[in-house]
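Single-structure report; data block below.
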Amino acid sequence: MDWVYRGFETSLLGLALCLGLAACLTLGTERMPPGTLSVALPMLTVTARAP
């Protein structure tokens, strides 16, 4: 039964690695206009004009 849990844990670690790699590769694909400030949190993105 231990091999089932080990396989499940390994598959979750692999999925997390793939999702993290995909997030890193898609970072910076959207360019912000000059003079704006953007803050991205896990579930929220806020864009405002810089003073």
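The values are calculated or read from the model by the stated rules, or taken from the named source; none is laboratory data. The structure displayed is predicted, hence computed values, not measured ones. Methodologically, a virtual Cβ is constructed for each residue, glycine included, from the backbone with ideal geometry; neighbour enumeration extends over all protein chains shown. In case anyone asks, the SASA skips ligands and DNA or RNA and just uses the protein heavy atoms, side chains included. Shrake-Rupley method; radii C 1.70, N 1.55, O 1.52, S 1.80 Å.
Cβ-Cβ contacts under 8 Å between residues 6 or more apart (or on different chains), taken from a first residue in segment 1-29 that is on the phi > 0 side of the Ramachandran plot to a second residue that is open to solvent by less than 100 Å² (accessible area, probe 1.4 Å) and part of a loop (DSSP other than H, G, I, E, B), are absent. You will find that of Arg31, Arg49, the residue that is modelled with pLDDT under 85, in contact with a strand residue (DSSP E or B) (Cβ under 7 Å, 6 or more places away or on another chain) and open to solvent by 100 Å² or more (accessible area, probe 1.4 Å) is Arg49 and no other.
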